[in-house]
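Enquirer: Structure in structure tokens, see below.
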Amino acid sequence: MHPSPRSYVATWAALMLLSGITLALARVPLGEPGTVLALGLASAKALLIAVFFMHLIEQRSVNALFLSIALVLVLAFVALSAMDVGTRGDAVGELPAPVAAPEPARLSKVR
Amino acid sequence: MTTAVPHPRLQPHFEDLAKQAHAARLGMWLFLASELLLFSALFALYASYRAGHHDVFREAVHHTSFWLGAAMTGILITSSLAMALALHAVRDGRPDRSVRWLCACIGLGALFLVVKAFEYTEHFREGIFPGIYYAYPELPHPGAVVFFTLYYLMTGLHAVHVIGGLNVLGSVARSTGRRRYDATYHTPVELAGLYWHLVDMIWIFLWPAFYLLR
Amino acid sequence: MRADALRDPGHPRRSYLDEDVSLRSWLLTTDHKRIGLLFLGALSGTLALGGIFALLMRLELLSPEPSLVEPQTYNRLFTWHGVIMVWLFLIPSIPTTLGNVLLPIMIGAREIAFPRLNLASFWVYVLGVAVTLVGMAAGGTDTGWTFYPPYSSRTPTSVVPILMGIFILGISSMLSGINFIVTTHTMRTEGMHWLRLPLFVWNVYATSWIMVLATPVLAMALILIAVDHGFGLGVFDPSQGGDPILYQHLFWFYSHPAVYIMILPGMGVVGEVVAAMAHKNWISYEALAFSAVGIAAVGFLTWGHHMFVSGMLALDVGIFGILSMLVAIFSAIKVIVWTGTLYRGSIALEVPLFYVFGFLFLFGFGGMTGVALASTSVDIHWHDTYFVVGHFHLIMVGGTLTAFLAGLYYWLPKLCGRMYARRAAFVAMLLVVFGFAFTFFPHLLLGNAGMPRRYAAYPEEFQVLHVISTLGSWMLTAGLVLAVLNLIHGWRRGEPADNPWDSRGIEWSTASPPPKHNFAGRLTVLDRPHQYWADEPPWRLE
């Protein structure tokens with residue numbers, strides 16, 4: 001039922017391998033696809049840690065559900081915020097002509 | 001059914017140890033989820049600023065230590081292995097072996113911090129400080145300032161979590177050595193392990209963000 | 001008989017109140033019911049404090065010019081009012097009081113999952129309140145409860161202690177949330193399937209998810225302001241490559257779901273009270289349960305509607321607008337189901353139900369003004385005006401506070417075995433509901449006419465509405481004071497009562513007040529709560 005020491009070592013080896021690949025890829029100028037790839041490799045490593053080292057594979061699925069909920073939320077948050085800043089300054093067509101300002105309200109003398 | 005003496009570690013409001021352990025684990029996963037959200041705020045800042053200062057961020061990554069970053073990654077992954085083996089040992093009823101693996105994990109965690117301290121010192125010597133103290137002549141752009149401020153904030157927050165983790169692991173190792181945990185009850189070791197693996201997981205995303213995405 | 005129960009540990013009517021009455025036993029209790037009462041005491045204090053600042057603001061606003069206080073002081077007043085009401089009162093309100101007392105009982109459990117963590121959540125709360133108050137005593141801050149940079153990084157006022165206090169309060173909030181979620185998952189009694197959970201439990205459960213997942217983001221946002229203010233690490237400072245709008249993303253990512261933390265438990269109370277007072281099954285249990293989860297889930301994705309005028313891309317604005325309207329659909333479903341449950345029910349015209357009527361009316365307006373504000377084009381006119389102030393007070397006070405009072409009155413017999421004095425309670429309710437209406441409906445008109453929020457001075461033509469609002473605030477205060485006195489009087493000297501509503505909520509299966517471990521025997525649940533069509537209630541206690 002519990003993973004054996006061998007499976008832990010195998011997980012470790014996979015993690016080191018994936019890290020090595022990530023390292024090698026970092027030296028190659030890949031541009032945007034490189035970022036996606038690095039994030040994908042990091043996600044794969046995180047998954048290995050969660051499933052094997054953190055024992056999600058042998059535990060009740062509700063634990064994995066909790067982790068998944070958090071991850072979905074993190075993704076939505078990071079994506080929507082970055083989308084705002086990343087698109088800052090993108091104009092949406094011509095601005096309309098300015099409208100004449102209305103009469104200012106009568107404010108009493110402020111101390 | 002025999003009227004067995006309840007396990008000394010069983011709390012009165014739980015039916016049995018298995019339920020109690022499950023509840024503890026579930027609570028720990030919730031705490032870990034909250035930690036993920038804590039770091040996600042900073043990752044959201046990183047992603048947003050990277051989108052806004054794209055080229056400067058790429059350039060700035062060249063100024064962190066490629067090989068120290070790789071070393072720290074290897075150290076943490078190995079420390080996670082040690083932690084997993086420590087839990088396995090105590091589940092197997094071998095507390096002494098567990099203590100040895102826990103010490104290995106703590107040692108690797110401490111090594112991580114030493115490398116990080118060395119790294120920070122190197123940065124300080126070059127004038128790379130966070131915020132208004134930034135004085136790095138090679139990269140004067142404001143985008144670089146925010147990159148390095150985030151670098152210190154995120155790796156710093158992570159390091160704080162490592163320090164906290166080492167404290168917890170130390171206390172767990174002490175208790176394991178005193179035979180307070182065994183094959184039937186080892187929840188604190190398990191929970192400490194979950195925390196430590198999370199710390200490793202977060203580093204796995206910090207690593208490309210600050211050392212590799214050039 | 002109470003004296004007998006106090007003396008005799010084996011007395012059949014011995015309750016959680018009779019077990020060890022020393023101060024130490026109360027302050028160090030691990031009994032979830034007592035912890036709920038500790039919170040109730042503390043929260044009465046913070047409500048009063050936040051209310052005092054509100055009354056001072058309303059006094060200032062009686063005249064168009066700054067009369068009572070300098071504008072700078074006024075800025076501190078609305079900051080203190082906001083910080084206290086949001087973090088020291090509303091966020092903990094129903095979950096830590098009624099939630100702590102009732103959630104374990106409602107799922108048939110003997111205790112909450114982590115009793116010592118529960119006690120910790122109380123003392124961490126007290127610490128957070130203390131630190132915040134220290135900050136206020138040191139002069140407080142004038143940034144508004146929203147702490148927007150760049151001003152929050154540059155203000156000469158003592159903003160850091162208040163930020164630290166809120167941070168500590170956030171920890172308390174998360175501890176409660178973790179406890180409620182784990183308890184609901186692991187400590188349900190025999191027969192208590194998920195689709196038999198009381199609606200109050202569904203709503204507090206959904207609330208707890210928001211508490212656990214959203215609060216850390218607030219913690220980070222506030223820490224970042226603190227380190228900028230204290231150490232110049234200006235992560236939101238353009239001169240250091242930063243962007244102040246990103247603070248708003250981080251802040252509102254928490255603070256919008258926070259408003260669902262504040263309203264969902266109230267909705268849970270309304271669901272329970274409606275079924276009991278109509279003596280009728282909910283017309284759709286699933287609609288009420290799933291809409292709670294829907295509000296929590298979709299509510300996480302609507303934060304951008306606080307930032308419509310910040311310069312976001314039109315696409316983002318549109319997405320947030322649509323999602324904000326979507327989340328309102330869940331609230332509307334709830335209102336329809338509650339009303340439908342009341343329709344043709346055997347209505348008991350009791351004070352909890354009257355508070356629910358007040359809730360339906362006021363929350364209805366609150367919800368509708370919310371949907372209106374979600375329409376981006378109109379929001380441009382209303383943003384940062386009194387229209388927004390009216391909207392959120394309709395929800396927070398007209399909604400949450402009214403529901404809180406409904407719950408306290410409905411469950412008073414459960415907590416202490418006594419009933420309140422009905423006539424005084426009814427008068428208090430009238431003062432609260434009408435006082436609220438007079439205080440806050442003028443805000444909608446003021447905001448629409450252009451009165452901006454957070455201003456001590458205003459044009460003369462707005463004075464009439466402001467005076468009405470201030471008079472309303474006195475009426476509301478009188479009602480609240482009378483309600484609190486009435487509840488305390490009921491606790492100490494009310495007529496003994498066990499289940500005056502003849503309610504078939506699960507919590508009424510046990511004694512009022514309950515024994516220390518909630519149930520005298522083992523509870524088996526046979527059906528959903530509030531089954532009024534069947535001859536027997538939906539439980540078996542042996």
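Enquirer: I'd like the residue in the range C:46-64 that is out of contact with any His (no Cβ under 7 Å at 6 or more places or on another chain) and under 18 Å from residue C:443 (Cα atoms) and, out of all such residues, is nearest to the other protein chains (Cβ to nearest Cβ).
Expert: Going through the qualifying residues, I end up with C:64.
Enquirer: Please give the number of the condition residue C:89 fails out of (1) under 28 Å from residue B:20 (Cβ atoms); (2) in a helix (DSSP H, G or I).
Expert: Just one mismatch for residue C:89, condition (1).
Enquirer: Could you tell me whether any residue of the range B:47-59 is facing chain A (nearest Cβ under 9 Å), of a type in the set (Ser, Thr, Tyr) and at negative phi?
Expert: Yes.
Enquirer: Taking the range B:137-155, which residues are more than 11 Å from residue C:242 (Cβ to Cβ) and among the aliphatic types (A, V, I, L, M)?
Expert: Hits for the range B:137-155 are B:139, B:144, B:153, B:154.
Enquirer: From the residues in the range B:173-214 that are in a helix (DSSP H, G or I) and under 19 Å from residue B:7 (Cβ atoms), which one is nearest to the other protein chains (Cβ to nearest Cβ)?
Expert: My answer is B:190.
Enquirer: Something else about it: Out of all the residues in the range C:518-528, which are under 19 Å from residue C:413 (Cα atoms) and either surrounded by 21 or more Cβ atoms within 10 Å (Cβ to Cβ) or in contact with a helix residue (DSSP H, G or I) (Cβ under 7 Å, 6 or more places away or on another chain) (or both)?
Expert: Within the range C:518-528, C:518 is the sole residue that qualifies.
Enquirer: Determine, yes or no, whether residue C:395 is surrounded by 17 or more Cβ atoms within 10 Å (Cβ to Cβ), free of Cβ contacts under 8 Å to residues at least 24 places away in the same chain and either in a helix (DSSP H, G or I) or over 19 Å from the mean Cα position of the chain (by Cα) (or both).
Expert: Considered against the rule, which asks whether it is surrounded by 17 or more Cβ atoms within 10 Å (Cβ to Cβ), free of Cβ contacts under 8 Å to residues at least 24 places away in the same chain and either in a helix (DSSP H, G or I) or over 19 Å from the mean Cα position of the chain (by Cα) (or both), residue C:395 comes out as no.
To keep it simple, each residue is scored yes or no on (1) surrounded by 20 or more Cβ atoms within 10 Å (Cβ to Cβ); (2) over 30 Å from residue C:103 (Cβ atoms); (3) out of contact with any Pro (no Cβ under 9 Å at 6 or more places or on another chain).
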{"site": "C:452", "(1), (2), (3)": "no, yes, yes"}
{"site": "C:480", "(1), (2), (3)": "yes, no, yes"}
{"site": "C:489", "(1), (2), (3)": "no, no, yes"}
{"site": "C:495", "(1), (2), (3)": "no, no, yes"}
{"site": "C:499", "(1), (2), (3)": "no, no, no"}
{"site": "C:505", "(1), (2), (3)": "yes, no, no"}
{"site": "C:516", "(1), (2), (3)": "no, no, yes"}
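Enquirer: State yes or no: is residue C:143 among the polar types (S, T, N, Q), in a loop (DSSP other than H, G, I, E, B) and touching a residue at least 24 places away in the same chain (Cβ under 8 Å)?
Expert: Yes, satisfied.
Enquirer: Pick out the one residue from B:40, B:34 that is touching a Ser or Thr at 6+ places or on another chain (Cβ under 9 Å), within 8 Å of another protein chain (Cβ to nearest Cβ) and polar (S, T, N, Q).
Expert: So the residue among B:40, B:34 that is touching a Ser or Thr at 6+ places or on another chain (Cβ under 9 Å), within 8 Å of another protein chain (Cβ to nearest Cβ) and polar (S, T, N, Q) is B:34.
Enquirer: Since residue C:414 meets every condition but one in (1) of a type outside the set (Val, Ile, Thr); (2) surrounded by 17 or more Cβ atoms within 10 Å (Cβ to Cβ); (3) touching a Ser or Thr at 6+ places or on another chain (Cβ under 9 Å); (4) not in a helix (DSSP H, G or I), which condition does it not meet?
Expert: (4)
Enquirer: Any residue in the range C:336-356 that's within 17 Å of residue C:399 (Cβ to Cβ) and touching a residue at least 24 places away in the same chain (Cβ under 8 Å): show its pairings with residues that are of a type in the set (S, T, N, Q) and surrounded by fewer than 20 Cβ atoms within 10 Å (Cβ to Cβ) at Cβ separation under 6 Å, as long as the two are six or more apart or on different chains.
Expert: Correct list of pairs: C:337/C:284.
Enquirer: Kindly indicate the residue of the range C:189-233 that is of a type outside the set (A, V, I, L, M) and not in a helix (DSSP H, G or I) and also farthest from the other protein chains (Cβ to nearest Cβ) among those meeting that condition.
Expert: Within the range C:189-233, the match that is farthest from the other protein chains (Cβ to nearest Cβ) is C:198.
Enquirer: Being out of contact with any Pro (no Cβ under 9 Å at 6 or more places or on another chain), surrounded by 24 or more Cβ atoms within 10 Å (Cβ to Cβ) and among the β-branched types (Val, Ile, Thr) is the filter here, so list the residues in the range C:287-303 that pass it.
Expert: Correct list: C:295 only.
Yes or no, residue by residue, for (1) under 20 Å from residue C:225 (Cβ atoms); (2) within 13 Å of chain B (Cβ to nearest Cβ):
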{"site": "C:103", "(1), (2)": "no, no"}
{"site": "C:119", "(1), (2)": "no, no"}
{"site": "C:122", "(1), (2)": "no, no"}
{"site": "C:125", "(1), (2)": "no, no"}
{"site": "C:148", "(1), (2)": "yes, no"}
{"site": "C:151", "(1), (2)": "yes, no"}
{"site": "C:158", "(1), (2)": "yes, no"}
{"site": "C:171", "(1), (2)": "yes, yes"}
{"site": "C:187", "(1), (2)": "no, yes"}
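Enquirer: Quick check on my filter: what residues within the range B:73-86 are over 14 Å from residue A:9 (Cα atoms) and surrounded by fewer than 23 Cβ atoms within 10 Å (Cβ to Cβ)?
Expert: B:75
Enquirer: Enumerate the helices (runs of 4 or more DSSP H) found wholly within the range C:1-80, keeping only those where 1 or more residues are more than 30 Å from residue C:463 (Cβ to Cβ) and in contact with a helix residue (DSSP H, G or I) (Cβ under 8 Å, 6 or more places away or on another chain).
Expert: Helices (runs of 4 or more DSSP H) meeting the threshold: C:23-27, C:32-60.
Enquirer: Out of everything in the range B:62-101 that is among the β-branched types (Val, Ile, Thr) and more than 9 Å from chain A (Cβ to nearest Cβ), what residue ends up being farthest from residue B:148 (Cα to Cα)?
Expert: Result: B:90.
Enquirer: Given the structure, is residue A:1 over 30 Å from residue C:296 (Cβ atoms), surrounded by fewer than 17 Cβ atoms within 10 Å (Cβ to Cβ) and either modelled with pLDDT of 90 or more or acidic (Asp, Glu) (or both)?
Expert: Spelling it out, it is not the case that residue A:1 is over 30 Å from residue C:296 (Cβ atoms), surrounded by fewer than 17 Cβ atoms within 10 Å (Cβ to Cβ) and either modelled with pLDDT of 90 or more or acidic (Asp, Glu) (or both).
Enquirer: Moving on. What residue, among those in the range C:155-189 that are farther than 30 Å from residue C:105 by Cα and either free of Cβ contacts under 8 Å to residues at least 40 places away in the same chain or not β-branched (Val, Ile, Thr) (or both), is surrounded by the most Cβ atoms within 10 Å (Cβ to Cβ)?
Expert: In this case the residue turns out to be C:163.
Enquirer: Next question. Pull up the range C:237-250, narrow it to residues that are more than 9 Å from every other protein chain (Cβ to nearest Cβ) and buried (at least 24 other Cβ atoms within 10 Å of the Cβ), then point me to the one that is farthest from residue C:150 (Cα to Cα).
Expert: Applying the filter and picking the extreme gives C:248.
Enquirer: Run residue C:279 past the list (1) touching a Phe, Trp or Tyr at 6+ places or on another chain (Cβ under 6 Å); (2) surrounded by 18 or more Cβ atoms within 10 Å (Cβ to Cβ); (3) not small (Gly, Ala, Ser) and report the number of the one that doesn't hold.
Expert: (2)
Enquirer: Are any residues in the range C:304-317 among the small types (Gly, Ala, Ser) and either more than 12 Å from chain A (Cβ to nearest Cβ) or surrounded by fewer than 23 Cβ atoms within 10 Å (Cβ to Cβ) (or both), and if so, which ones?
Expert: Listed by number, the residues that qualify are C:310, C:311, C:314.
Enquirer: Follow-up question, since we're still on this one. Quick one: in the range B:121-168, of everything that is within 14 Å of another protein chain (Cβ to nearest Cβ), under 23 Å from the mean Cα position of the chain (by Cα) and aliphatic (A, V, I, L, M), which residue is surrounded by the fewest Cβ atoms within 10 Å (Cβ to Cβ)?
Expert: Per the stated criteria, the residue is B:160.
Enquirer: Sort through C:145, C:123 and tell me the only one that's buried (at least 17 other Cβ atoms within 10 Å of the Cβ), of a type outside the set (S, T, N, Q) and within 22 Å of residue C:46 (Cβ to Cβ).
Expert: Unique residue meeting the criteria: C:145.
Enquirer: Condition first: under 26 Å from residue C:313 (Cα atoms) and modelled with pLDDT of 95 or more. Can you find one or more residues in the range C:391-399 that meet it?
Expert: yes
The values are calculated or read from the model by the stated rules, or taken from the named source; none is laboratory data. Being a predicted model, the structure only gives us computed values, none of them experimental. Counting neighbours? That spans all protein chains shown, and the Cβs are built from the backbone with ideal geometry, glycine included.
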